[in-house]
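The values are calculated or read from the model by the stated rules, or taken from the named source; none is laboratory data. Predicted, not measured: the structure shown is a model, and the values here were computed from it. Note: ideal-geometry Cβ built from the backbone for every residue, glycine included; neighbour counts use all protein chains shown. Note: areas computed on protein heavy atoms with side chains; ligands, DNA, RNA excluded. Shrake-Rupley method; radii C 1.70, N 1.55, O 1.52, S 1.80 Å.
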Amino acid sequence: MVRRPPGSNSYPLGVERYDPQAVEARWQKVWADEKAFETPNPADPATDTSPRAYVLEMLPYPSGDLHMGHVTNYTMGDVVSHFRRRTGHRVLHPMGYDSFGLPAENAAIKTGGKPAEVTAKNIARIREQMLRMGWSIDWSRELSTSDPAYYRWTQWIFLRMFERGLAYKRGAAVKWCPQDQTVLANEQVIDGHCERCGTEVEARDLEQWFFRITDYADRLLDDMEKLEQWPERVLTMQRNWIGRSHGAEVQFSVVGGDEAIPVFTTRPDTLFGATFFVLAPEHPMINDLVRGTEAEAAVTEYVRRRGAESVADRMRDDRPKTGVDTGRRVLNPVTNEEIPIWVSDYVLVEYGTGAIMAVPAHDERDHAFALAFGLPIRQVVATTDVEVDVQAQAYTGAGDDAVLVNSGRFDGMTVADAKNAVPGWLAEDGRGEQKTAYRLRDWLVSRQRYWGAPIPIIDCPSCGLVPVPDADLPVRLPEIEDYAPKGRSPLAAAEEWRAVPCPSCGAAAQRETDTMDTFVDSSWYYLRYVNAHDDMEAFAKSDVDWWLPVGQYIGGVEHAILHLLYSRFFTKVLFDAGYLGFEEPFANLFTQGMIYKDGAKMSKSKGNVVAPDEIVNRYGADALRMYVLFMGPPEQDKEWSDSGVLGPSRFLDRLWKVVDRIAAETSGDPLPAPPADADGGALELLRLTHHSIQRVTEDIDRRLQFNTAIAAAMELLNGIEKQRDGLLGDRIGGQALRHAAGTLVCLVQPFAPHIAEELWETLGGSRLWETPWPIADPALLVADTFECVVQINGKLRERVQLGCGLPKDEVLAAVKALPKIAEQLEGRELVKEIVVPDKLVNIVVK
RNA sequence: GCCGGGGUGGCGGAACUGGUAGACGCACCGGACUCAAAAUCCGGCGUUGGCAACAACGUGCGGGUUCGAGCCCCGCCCCCGGCACCA
């Protein structure tokens, strides 16, 4: 025991004060010395059927400062880990660092150091803070993504993507952040601004590397069925992001030319109402269409002006419609009318085919455009009863059961039927076909920055893009002088490193100088933990198939469409290539809410950051762990309260005192069997104890409701304190107290493992972290009496203790005999009597 | 606009399957201990009326279903998040 001489009057003689710092340091050392939470892989995964639990939290970016979000995230995972361990599972609970990325590089540029050194220092600091929290992590599997032993395998996976045609390089209009001096993935642009630094992004035409995630769009959507338990909001976000729409591609032939321009539409049923045609300003055919025509100058000028606009400006939602007529025409393939081709920026080049058929009567945007430029509007869908007055140029959406008009052979058909019938008819002679479009774009993975995994490709003048042979991996980051971004990768300056012979023909060639997006690194780290130090392969199939999919994944909702979508994609690719036996990485996902202070996200610039270290210094890690979970439902955003942490802190103090006293005043096992012949207060305490087991177990295991689990533990402590004086001195009472105290320490252990371990020892036990989780005795969960609620006309009028299992008529008789109830029933007509067994009685009277 | 989540005391929240609304904690008020303060312990704490027993009201608003609704249904309001000139 860690003991301090008694001194405070709150601790009577013989009881030592709870000193969290000493207790926590002691047990952290024990756990480290005993490697208490290291879990080797099974010796023979093929035959090992033991229960297992892979509990994983999203790995941190090692900024050097642990923040409250980390504390919440990793404490939740730790509670689950402890619980699974003590309910007989082999638990994998690793930790690592997402250590590539801009902050370390920017810090290095600012201070003149090296990114690797900055990163190493930050990792050391954050690890130290993590150790102080007492999380039960298997540190033997620690990894960092910027370690060559790790990124070697990131590069290896890149090459597998390349082999399968899933990694490719092409020129494209991409999003460029002028502040960070690098391109960004679509997922990293929020409302036209860089997700990292908030700078407005620009459009640029550049040769970049992409992952063909669009090939997996359907599986990423359809396999959501295979996920066990994911938050609805995350699934919704992924669905929105992928944005699948079913429709048709229809060919419109250019009048006076040979070519046809395809459009994508989700409303092929309205094809007869297409009265004009619009191209996006970036559409590749524009130049050819207007060359040498009267409209050429005006169209070129319009295209030029749109191109000069910022991404954010183009995304403003209150923009008036602008556009210009090309003077050229296309043929509406069903009406054979010639309709004008316009150019307008309300058509986006990156969605569908970059061209649309405009149906102003039934599309709001086309309608606004038609009004702005005086284009004809033709109604082709009748609303249910009132015909739209076309002369008034109204716009109408129409439900699936509305009926087609002005549509030749389709007149009278419902919208729902026509959506299939029209493309089917067009397909007969090649004018169109059913088609699905997606909002999702391919993932742009190359970055023009230093601190990332080099793309393992060599550009050979004669062979083209040649993969670095697996045996030559890793392609290590070269040492360079200047990390500052200049619009091209800093690696381009490392000329010696860059110059290599082509692996294929031996001619002089150049390395690719871009590095990979850090989201590539974190898309597969959950696999690497399984064989963290294997230098022969990225991971062993037999081992990952044994441990994965991850049983419980926990992290912030901000990764819903970045990391969580990318990881699903990686897993599917590796499955297809035969490296994995599962298609989804995370069976169960839990997204925790954010912690706010004074109504705002904690941030250095707002000065409202509460540092975990300060709270640990003052109240101890156990109190902080309990408080972040006790604050509210885990998935909800929460408001930090400085005084709130006092609740759990006082709880631990009282727990310490009461267990210390009970240990001194009674004797026996740390967790003796409940005395069989208990009655009165002892029985009441035993029942409370077993109800508490039931509640805490359910709350951790089934509901992940840590706040109510902690409340249940607090209620048990209140119950013990209430009964303590009355039960002392009595043999059965003493045993009941010991049983209750031992159980409480057991139940508190996942939340406050240090104090629990210390108190368990006080009670005469050892190694609580390996002690089986207590099981509620069903006999102690049922009572022999209950408090019967008596309602008259649904209003609560009286309560009375009655025996459990009493037949209905006896319950009614007993209730009616109550003076207050008898008085209320006096002279009133009985309408109905409801008896809910062992719960309540409701008497309806007139 | 479409999709998802939410609205309960002074505050964070509980009520899991339609059955005692406000568990647990914070803050606050009163008392004990102390020369005093802090800490600790005991008690109180939805609103209104009442000395009290008790009564009425009360889960964003308006309706409905039910013996009974915070929970289910219909119609709204507000807040948070995602998507959005996506054809």
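Nothing charged except the Cβ atoms of Lys and Arg (+1) and of Asp and Glu (-1): what's the magnitude of the dipole of chain A about its Cα centre? Round to the nearest 20 debye.
With Lys and Arg at +1 and Asp and Glu at -1, about 1720 debye.
Hey, how many Å between the Cα centroid of region A:584-628 and the Cα centroid of region A:741-757?
Measuring centre to centre over Cα atoms gives 22 Å.
When the accessible area of chain A is split by element with a 1.4 Å probe, what percent falls to carbon and sulfur?
Exposed carbon and sulfur together represent 49 percent of the surface.
Students often check this: by mean Cβ neighbours within 10 Å, which of A:567-574, A:835-842, A:31-38 ranks highest, and how do the rest follow?
Those peptides, ordered most packed to least, come out A:567-574, A:835-842, A:31-38.
What is the distance, in nm, between label points placed 7 Å from the Cα along the Cα-to-Cβ direction at A:Ser504 and at A:Gln801?
Each label point lies 7 Å from its Cα, and together they span 8.8 nm.
Quick check for me: using +1 on Lys/Arg Cβ and -1 on Asp/Glu Cβ, what's the dipole size of region A:256-338 about its Cα centre, in debye to the nearest 20?
Numbers: 11 positive and 15 negative charges, 54 e Å.
Once rounded to the nearest 20, the dipole reads 260 debye.
Taking the Cβ of A:Leu56 as the center, what net charge do the other residues with Cβ under 14 Å away carry, scoring Lys and Arg +1 and Asp and Glu -1? Before the final figure, lay out each step's value.
Numbers: positive: A:Arg52, A:Arg84, A:Arg141, A:Arg528; negative: A:Glu57, A:Asp78, A:Asp98, A:Asp138, A:Glu142, A:Glu584.
Counting the neighbours of A:Leu56, the net charge comes to -2.
Based on the alpha-carbon gyration tensor of region A:575-717 and its eigenvalue square roots a ≥ b ≥ c, which shape applies: rounded if a/c is under 1.5, prolate if not and a/b is larger than b/c, or oblate? Could you put the intermediate results ahead of the total?
Values: a/c = 2.52, a/b = 1.35, b/c = 1.87.
It comes out oblate by the Cα gyration axes.
Using +1 at the C-beta of Lys and Arg and -1 at the C-beta of Asp and Glu, which of A:Val303, A:Thr275, A:Gly101 has the Cα lying farthest in the positive direction of the dipole of chain A?
Checked the options; the winner is A:Gly101.
Mind giving me the nanometre distance, one decimal, between the label points for A:Asp218 and A:Cys463, set 7 Å out from Cα along Cα→Cβ?
3.5
Between A:Asp669 and A:Phe582, what is 0.36 nm times their sequence separation minus the Cα-Cα distance? Round to one decimal in nm.
26.7 nm is the gain from fully extending A:Asp669 to A:Phe582.
Please list A:750-756, A:732-738, A:199-205, A:617-623 highest first by mean number of surrounding beta-carbon atoms within 10 Å per residue. Show your work: numbers first, answer last.
Values: A:750-756: 26.4, A:732-738: 23.6, A:199-205: 15.7, A:617-623: 22.0.
Top of the packing list down: A:750-756, A:732-738, A:617-623, A:199-205.
How long are the semi-axes of the ellipsoid equivalent to region A:42-155, from square roots of 5 times the Cα gyration tensor eigenvalues, in whole Å, largest first?
For region A:42-155, the semi-axes come out at 31, 18, 9 Å.
Round to the nearest 0.05 the FRET efficiency obtained for A:Lys321 and A:Ala173 when R0 = 25 Å and r is the Cβ-Cβ distance.
On the way: r = 22 Å, r/R0 = 0.88.
For R0 = 25 Å, the calculated efficiency reads 0.70.
If amide H atoms are built 1.01 Å from N in the plane of the peptide, which residues on other chains or at least 5 residues away come under 5 Å of the amide H of A:Ala577?
Result for A:Ala577 returns nothing.
Nearest 500 deg cm²/dmol is fine: what mean residue ellipticity at 222 nm does chain A get from its DSSP H runs of n ≥ 4 alone, each adding -39,500 (n - 2.57), divided by its residue count?
Per the formula, -11000 deg cm²/dmol.
Keeping every protein chain present and rolling a 1.4 Å probe, give me the accessible area per residue for chain A in Å².
On a per-residue basis, chain A sits at 43 Å².
Within a Cβ distance under 14 Å of A:Leu780, other residues only, what is the Lys/Arg minus Asp/Glu net charge?
Values: positive: A:Arg687, A:Arg695; negative: A:Asp677, A:Asp679, A:Glu684, A:Asp777, A:Asp784.
Result for the neighbourhood of A:Leu780: -3.
Quick one, what does Rg over Rh come out to for chain A if you take C-alpha atoms and the Kirkwood Rh?
Values: Rg = 34.4 Å, Rh = 32.2 Å.
Result: Rg/Rh = 1.07.
Using a 7 Å offset from the Cα along the Cα-to-Cβ direction at both A:Arg204 and A:Asp534, what is the distance between the two label points in nm, to one decimal?
So the two model labels end up 3.9 nm from each other.
Around A:Lys601, with a cut-off of 13 angstrom between Cβ atoms, what is the net charge of the other residues, counting Lys and Arg +1 and Asp and Glu -1? Please list the in-between numbers first.
Values: positive: A:Lys597, A:Lys604, A:Lys606, A:Lys638; negative: A:Glu558, A:Asp598, A:Asp637, A:Glu639.
Charge balance near A:Lys601 sits at 0.
Name the residue from A:Gln592, A:Pro634, A:Met602 whose Cα lies farthest towards the positive end of the charge dipole of region A:586-697, charges +1 on Cβ of Lys and Arg and -1 on Cβ of Asp and Glu.
Farthest towards the positive pole: A:Met602.
Ranked highest first by the average count of other Cβ atoms within 10 Å around their residues, in what order do A:549-556, A:822-829, A:74-81, A:466-473 fall?
So the order, starting with the most tightly packed, is A:74-81, A:549-556, A:466-473, A:822-829.
A:Lys435's amide H: which non-local residues (gap 5+, or another chain) put their own amide H closer than 5 Å, with H modeled 1.01 Å from N in plane and none for Pro or chain starts?
Amide H neighbours of A:Lys435: A:Gly247, A:Ala248, A:Glu249.
What residues qualify as long-range amide H neighbours of A:Val330, i.e. H under 5 Å apart, gap of 5 or more or another chain, H built at 1.01 Å from N?
Those qualifying (amide H under 5 Å, at least 5 residues apart or on another chain) are A:Val255, A:Ile339, A:Ile341.
Go through A:Lys657/A:Lys839; A:Lys606/A:Lys638; A:Lys169/A:Lys321; A:Lys572/A:Lys601; A:Lys175/A:Lys321; A:Lys121/A:Lys175 and tell me which ones have a Cα-Cα distance over 28 Å in this structure. Intermediate results must be reported in sequence, preceding the final value.
Working: A:Lys657/A:Lys839 37 Å; A:Lys606/A:Lys638 17 Å; A:Lys169/A:Lys321 35 Å; A:Lys572/A:Lys601 35 Å; A:Lys175/A:Lys321 24 Å; A:Lys121/A:Lys175 32 Å.
Over 28 Å apart, Cα to Cα: A:Lys657/A:Lys839; A:Lys169/A:Lys321; A:Lys572/A:Lys601; A:Lys121/A:Lys175.
Which whole-number percent gives the relative contact order of chain A, counting Cα pairs below 8 Å spaced six or more residues apart?
Values: 1547 pairs, mean separation 117.4, N = 846.
Relative CO of chain A lands at 14 percent.
Calculate, for A:Ala149 and A:Lys832, the FRET efficiency according to 1/(1 + (r/R0)^6) with r their C-beta to C-beta distance and R0 51 Å; round to the nearest 0.05.
E between A:Ala149 and A:Lys832, to the nearest 0.05, is 0.10.
Projected onto the charge dipole of region A:58-190 (+1 at Lys/Arg Cβ, -1 at Asp/Glu Cβ, origin at the Cα centre), which of A:Leu131, A:Trp153, A:Gln188 gives the Cα projection farthest towards the positive end?
So the residue furthest toward the plus end is A:Trp153.
Short version: ³J(HN,Hα) in whole Hz for each residue of region A:604-616, in order, from phi by Karplus 6.51 cos²θ - 1.76 cosθ + 1.60 (θ = phi - 60°), x for Gly and Pro, what are they?
4, 5, 8, x, 10, 7, 9, 7, x, 4, 5, 5, 5
With r defined as the distance between the Cβ atoms of A:Ala308 and A:Glu350 and R0 fixed at 25 Å, what FRET efficiency is calculated, to the nearest 0.05?
Efficiency at R0 = 25 Å is approximately 0.90.
May I ask you to compute the full-extension gain from A:Ser245 to A:Glu34, defined as 0.36 nm times their residue separation minus their alpha-carbon distance, rounded to one decimal in nm?
On the way: separation 211, 0.36 × 211 = 75.96 nm, distance 5.62 nm.
Answer, rounded to one decimal: 70.3 nm.
Each residue of region A:437-453 in order: what ³J(HN,Hα) in whole Hz does its phi give by Karplus 6.51 cos²θ - 1.76 cosθ + 1.60, θ = phi - 60°, with x for Gly and Pro?
Karplus values, whole Hz, x for Gly and Pro: 10, 10, 7, 4, 10, 5, 7, 7, 10, 7, 9, 9, 10, 7, 7, x, 6.
Give the Debye-formula value of log10 I(q)/I(0) at each listed q (0.13, 0.20, 0.21, 0.30 Å⁻¹), with one equal scatterer per alpha carbon of region A:573-629, two decimals each.
-0.60, -0.83, -0.88, -1.14
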